[in-house]
Amino acid sequence: MAILSIQSAVAYGSVGNAAAVFPLQRLGCEVWRVDTVLFSNHTGYGAWRGTVLDPKLVEEILHGIEERGVLARCEAVLSGYLGSVELGSVVLETVRRVRRANPKALYCCDPVLGDADRGFFARPELADFFRAEAVPLADILTPNRFELETLTGERVDTLAAARGACDMLLARGPRVILVTSLDVAEVSPESAALLAATREGGWLVRTPRLPIVANGAGDLTAALFLAHFLRSGEADTALGETAAGVHAVIAETVRSGAAELAIVAAQDALVSPPTRYPVERVF
């Protein structure tokens with residue numbers, strides 16, 4: 001499977017392409033990596049060096065890939081942190097070009113805007129871009145709860161509310177909504193939850209909550225879900241495999257005391273997770 005991954009890049013740490021590319025490769029995917037920013041480290045440290053890449057440069061790199069005549073082999077485009085509406089437009093045009101070459105190719109959009117703890121850490125105008133342009137084009141959308149609320153304008157504090165918000169987005173075009181960091185009334189504080197919703201139903205998986213805030217976990221989650229969905233074609237199967245792999249990586253991070261996701265140390269668990277968790281149909 002060939003996947004075009006368009007995301008941020010850091011030299012130190014595990015976010016964006018640094019959290020997505022190696023796990024995808026470990027699962028047997030061919031990954032064409034295109035970076036949108038080049039930073040020394042992720043911005044969670046409060047200080048960093050580097051630059052956001054000019055959208056025209058990113059566009060040139062993407063055109064260069066197209067000129068190799070390989071887009072017909074591309075089975076999916078994965079996008080994460082965009083940085084600007086201009087860059088987002090470049091990504092969506094690339095998705096259209098890939099689909100012209102391979103009509104079966106999927107677009108997995110992680111609509112990175114912010115989270116419940118920090119609020120927006122992307123440009124607020126990107127919310128309108130995602131609503132109007134990216135959501136209708138996406139096959140898979142992977143918002144966290146904050147992003148789900150932002151995209152729909154609905155408060156999500158129960159599973160029923162999550163279903164309603166997902167239905168709103170599914171009606172716009174996506175086949176699958178994967179909601180991460182789903183803190184709702186039905187999920188205890190001791191658990192972390194992921195929800196996968198389609199037009200046919202919704203599935204929830206709970207894993208033990210670990211004592212760490214794992215930067216890059218959302219990027220890892222989106223990548224794993226895309227790979228497992230491409231392989232299985234089933235949202236519930238992809239959900240279970242993704243939850244098991246992400247939990248194994250975070251557990252290894254806690255065990256080792258690492259400051260960043262211990263993806264390399266936990267690489268075997270990405271392929272064969274030591275523990276799988278029940279996937280419950282909730283609607």
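Brief remarks follow.
- Distance in nm between pseudo-label sites at Met168 and Ala101 (7 Å out along the Cβ direction from Cα): 3.6 nm
- Reducing segment 195-265 and segment 116-175 to their Cα centroids gives an inter-centroid distance of 19 Å.
- In segment 181-251, trypsin sites (Lys or Arg not before Pro) in a DSSP loop with at most 14 other beta-carbon atoms within 10 Å: Arg199
- For segment 1-116, the fraction of 1.4 Å probe accessible surface lying on carbon and sulfur atoms is 52 percent.
- Computed over segment 194-273, Kirkwood Rh from alpha-carbon pairs, angstrom: 12.9 Å
- Counted residue by residue at 0.36 nm each, then reduced by the alpha carbon distance between them, the extension gain from Ala11 to Arg155 reaches 48.2 nm.
- Subtracting the Cα-Cα distance of Ala2 and Lys56 from 0.36 nm times their residue separation leaves 17.1 nm of extension gain.
- Thr142 exposes around 10 Å² of accessible area when a 1.4 Å probe is run over every protein chain in place.
- Principal axis dimensions, largest first and in whole angstrom, of the chain by Cα: 49, 42, 34
- When the chain is treated as a GNM with alpha-carbon contacts under 10 Å, the residue of Gly46, Gly16, Gly257 showing the greatest mean-square fluctuation is Gly46.
- Rounded to the nearest 20 debye, the dipole size of the chain about its Cα centre is 420 debye, using +1 on the Cβ of Lys and Arg and -1 on the Cβ of Asp and Glu.
- Ratio of Rg to Rh for segment 150-283: 0.96 [Cα atoms; Kirkwood radius as inverse mean 1/r over pairs].
- Mean separation of Cα pairs under 8 Å and 6 or more residues apart, divided by the residue count, gives the chain a relative contact order of 16 percent.
- Under the combined filter of DSSP loop state and at most 13 neighbouring Cβ atoms within 10 Å, segment 116-157 retains these trypsin sites (Lys or Arg not before Pro): Arg118, Arg155.
- Nearest-20 debye value, segment 1-153 charge dipole, Cβ charges on Lys, Arg, Asp, Glu: 360 debye
- Only helices enter this figure: runs of n ≥ 4 DSSP H residues, each worth -39500 (n - 2.57), summed and divided by the residues of the chain, yield -12000 deg cm²/dmol at 222 nm to the nearest 500.
- Computed over the Cα atoms of segment 1-51, pair by distinct pair, the Kirkwood hydrodynamic radius stands at 11.2 angstrom.
- Modelled this way, with points 7 Å down the Cα-to-C-beta line, the labels at Asp117 and Glu30 are 3.9 nm from one another.
- Heavy atoms of Glu280 accessible to a 1.4 Å probe, total area in Å² rounded to 10: 80 Å²
- Gained length - Glu66 relative to Tyr45, 0.36 nm times residue gap less alpha-carbon distance: 4.0 nm
The values are calculated or read from the model by the stated rules, or taken from the named source; none is laboratory data. Because the structure is predicted, anything quoted here is derived from the model rather than measured. All Cβ positions, glycine included, derive from the backbone under ideal geometry; neighbour counts span all protein chains shown. In case anyone asks, the SASA skips ligands and DNA or RNA and just uses the protein heavy atoms, side chains included. Shrake-Rupley method; radii C 1.70, N 1.55, O 1.52, S 1.80 Å.
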